[in-house]
Amino acid sequence: MKKIESAEESRKLLDKITFDLTRSIVKKDEMTRFWFFILIMFIGVGLWGWIIQIDKGLGVTGMRDYVSWGMYIANFVFFVAVSLIGFLLSSALHLLKIDWAKPVSRVAEQVAIAGVALAGLIIVMDMGRPDRFLNVFLHGRFASPIIWDVTVVTTYLVISVLLFYLPLIPDLALLRDRMGSEVPKWKMKIYTILALGWNGNAKQYKTVYHAMRILMLLIIPVGLSIHTVTSWLFAATLRSGWDTTILGPYFVAGAFVAGSAAVIILMYAYRIRYGLKDYFEDIHFDQMGKLLVFVSLVYLYFNINEFLVPGYKMKSAEGVHLTNLFSGSFSSMFWIVQIVGLVLPIILLLCKYFRKPLPIAIISVFVLVSAWFKRYLIVIPTMEHPFLPVQNVPENFQTYSPTSIEIMITLFSFFAALMIISVLAKLFPVITIWEYAEEKGIDKKYLSETPKN
Amino acid sequence: MENNTRRNFIKKLGASVGAASVVGGASILSSCNRVETVTGDTIQLLTSSGELVEVDRSMLKPADLPSLSENQKRGREGIPGKSWVMVIDLSKCRNARECMKSCQNHHQLRPEQHHMNVLQMQDSEHTAPYYMPKNCQHCDNPPCTKVCPVNATFKREDGIVLIDNERCIGCRFCVAACPYSARVFNWFEPKDAEKYEGVTYNIEANVPQKKGTISKCLFSADRLRDEQLPTCVSACPNGVYWFGDRNEDAVTNGTTKETVSFSKLVKDNAAYTLMEELGTKPRVFYLPPKDRAFPFQGEIDDHHA
């Protein structure tokens, strides 16, 4: 790592970095207002939908006695999946001392916090009796995978928030010391309180490094558990399509694909919106592209195992399920998801050109949307084909199609997640300033200086 | 079809008139015993078997039902010393659906909610179709109770898998876990919700039903407590159902009231359980549909697993 010796040069560079990286906080234009207006609109509409659902009952959804888990559960799995990227980028790659991942880690943590927070909320929205939510704690039975899920999801949320917050403390002190009239008073107050009296001495840095290391190690088993346990919600049943032993690693691999795509999209948005071309550089997109190819290849391997092996045998109930996916009513969705969401991105991202910011951002959008439909394909087709025939019930019990209320509530979850990310981006720098400055060779002592002007 | 509904209507009418006259007669008798003035002010009541009856207001006295907590406590424990089993003779079923109807009445279900569902089955392409009444199998290794996060569905000592809809959070994990599609959910306000408002919850019949909670066959645990056969067993006109206690090794036919040895019945007829390869160990045994008393007349539904 190169070191800048001249104090003057260091101060100048630090000023520039701080200026660039706080642009997201300072910037306030029509576009920002419009964006928050859209977010609040959709969140409001979704909450209204939820009130209707509570009032009338879950019957306002397309779910019935046979397909009793629908889009909400698919969406829940999607959000858990997306959130898993926090653990990969800000913990695993950090521990492996992979330097390019450092500026990306805060973006990954934003995605992780938003994803896992919404996952928790969606599950409550899927409950028939959300008013009895506390029963989960009052009467919890530890034999149920739902209790394991509640345990690990809350633990993951706490660790993710801490992993977001700890490296933020030196930045908060920096903001406290350097920001002036350009940010409102209440924001400064937040910085002052959250900075916890940081003054940047060696002992404090040592504590933060130590705590971060512990958290990074802790989040590995927790991160792996959240998605493994989520897969067990399905694998613990006897239904064809779910009753397989590879569901845990299959879900984890798929989660990295979805999460990487989400992080790339967000990086691109920040790069364009906040003029961070020199921070989210082409090399970061290039590396993220390689990472996406790698995790997609792992996921492809699990997909082949998941579908080819039972497809070779075509056991009775399993065969009905697979036929339905390969050539039945879900076949177009299935093949589009596999090709557009998995095979094509792998092939394209092997070329250097497609790992440039704009192409990879577009590819990532397709990957992320496919990832959502992939969860839909995991949940619904299996439920549509129980072991015993579906008889003596109305037509709408036999196949599932989501209703407008369900779509409203699902849109709510997307916009609420974007809301969390937007608020975090408006409050805190999207890249860790002190880590970045250090990377550029600025000595830590300049960080805690208050500028003269 | 139309014929069928008319016949049903006449049957229902007959049943209600019969029940009404019995209750009416009983009330006249009891009014003779208890010197009470008849006010002439009548009130409509629903009996536990689902019939609407009219009695004099002066006849009303509060029923001595156990309190909610007491009811739930004994409901969770079960009936001591019993081990309930059901045997369904597929060779006798002609799809009369009296079991389904009486069950829906007893448990206050909507028409599309079935604790007991008579399915038209065909095991493979070249085998004979048959009718198969299917209810909760009351498994001894129940997949549903394992996954319940709040212990709202549980296995009792007497073998019945019961539901506590005062506890259920409506996550529907049990529905996903059950391979027999035995569980139904209250997607909307249950049938006649206003009518039963404020009625003490009876865990052993799972009534009144509650919006956002699960329901399923309970072997009419409330009737078993009163030493009666389950509703469906009693309602069957064709002798399909046998019900009894495995500890006593005796099962009684709901139609003929004949009691036989459970083990002998099962052994002599090569009884089987549904999807035994799943290891759920059902308590409902099926006698194969051989030498059927009624030919199969249905149409096999294509929507098959």
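To the nearest 0.05, how large is the calculated FRET efficiency for B:Thr127 and B:Thr200 if R₀ is 60 Å and r is the Cβ-Cβ distance?
Efficiency at R0 = 60 Å is approximately 0.80.
With respect to the cross-link table entries A:Lys313/B:Lys211; A:Lys16/A:Lys356; B:Lys216/B:Lys290; A:Lys102/A:Lys445; A:Lys27/A:Lys352, which display a Cα-Cα separation exceeding 31 Å?
As for pairs spanning more than 31 Å Cα to Cα, those are A:Lys313/B:Lys211; A:Lys27/A:Lys352.
Can you tally the net charge around B:Asp41? Count Lys and Arg as +1, Asp and Glu as -1, for every other residue whose Cβ sits under 9 Å from the Cβ of B:Asp41.
With Lys, Arg at +1 and Asp, Glu at -1, the neighbours total 0.
Kindly express, to the nearest 10 degrees and within the range 0 to 90, the angle between helix A:7-21's C-alpha long axis and the longest C-alpha principal axis of chain A.
30 degrees
If you take the charge dipole of segment A:1-158 about its Cα centre, with +1 on Lys and Arg Cβ and -1 on Asp and Glu Cβ, which of A:Ile147, A:Gln110, A:Asn135 is farthest toward its positive end?
Farthest towards the positive end: A:Gln110.
Can you list which of the GluC sites (Glu not before Pro) found in segment B:99-164 are DSSP loop residues with at most 13 other C-beta atoms within 10 Å?
Answer in residue order: B:Glu125, B:Glu157.
With charges only on Cβ, +1 for K and R and -1 for D and E, what is the dipole size of chain A about its Cα centre, in debye, rounded to 20?
Roughly 960 debye, rounded to the nearest 20.
Okay, helix-only estimate at 222 nm for chain A: each DSSP H run of n ≥ 4 adds -39500 (n - 2.57), divide by all residues, round to 500 deg cm²/dmol; what do you get?
My calculation for chain A gives -22500 deg cm²/dmol from helical runs alone.
Local charge sum around B:Arg110 (other residues, Cβ-Cβ under 12 Å, Lys/Arg +1, Asp/Glu -1)?
Local charge sum for B:Arg110: -1.
Rank B:Asn135, B:Asn165, B:Val199 by how far each Cα sits towards the positive end of the charge dipole of segment B:90-200 (+1 on Lys, Arg Cβ; -1 on Asp, Glu Cβ) and give me just the farthest.
Of the options given, the answer is B:Asn135.
Against the longest principal axis of chain A, how steep is helix A:316-326, in degrees 0 to 90 to the nearest 10, with axes from Cα atoms?
60 degrees
Express in whole angstrom the spacing between the alpha-carbon centres of segment A:270-307 and segment A:401-449.
Cα centroid to Cα centroid, the span is 18 Å.
Based on Cβ point charges of +1 for Lys and Arg and -1 for Asp and Glu, what charge dipole magnitude is obtained for segment A:152-197 about its Cα centre, in debye rounded to the nearest 20?
Dipole size: approximately 160 debye.
Can you tell me the 0 to 90 degree angle between the C-alpha axis of helix A:185-194 and the longest principal axis of chain A, rounded to 10?
Value to nearest ten degrees: 80.
What percent of all Cα-Cα pairs in segment B:69-287 falls into each 10 Å bin, going from 0 up to the bin containing the maximum distance?
In whole percents, the pair-distance histogram is 8, 35, 39, 16, 2, 0.
What is the sum of charges around A:Asn324, taking Lys and Arg as +1, Asp and Glu as -1, for the other residues whose C-beta is under 12 Å from the C-beta of A:Asn324?
Every neighbour counted, the sum reads -2.
If you put +1 on each Lys and Arg Cβ and -1 on each Asp and Glu Cβ, how big is the dipole of segment B:69-287 around its Cα centre, in Debye rounded to 20?
Using only the charged Cβ atoms, the result is roughly 280 debye.
Farthest toward the dipole's positive end in chain A, which of A:Leu292, A:Phe414, A:Tyr274, given Cβ charges of +1 (Lys, Arg) and -1 (Asp, Glu) about the Cα centre?
The one lying farthest along the dipole's positive direction is A:Tyr274.
What does the convex hull of the Cα atoms come to per residue for the protein assembly as shown, in Å³?
Considering the Cα atoms of the protein assembly as shown, their hull volume per residue is 197 Å³.
Only the coordinates and a few stated rules stand behind these numbers; no lab work does. What you see is a predicted model; the values in this text were computed from it and never measured. No Cβ is skipped: glycine too gets one built from the backbone with ideal geometry, and neighbour counts run over all protein chains shown.
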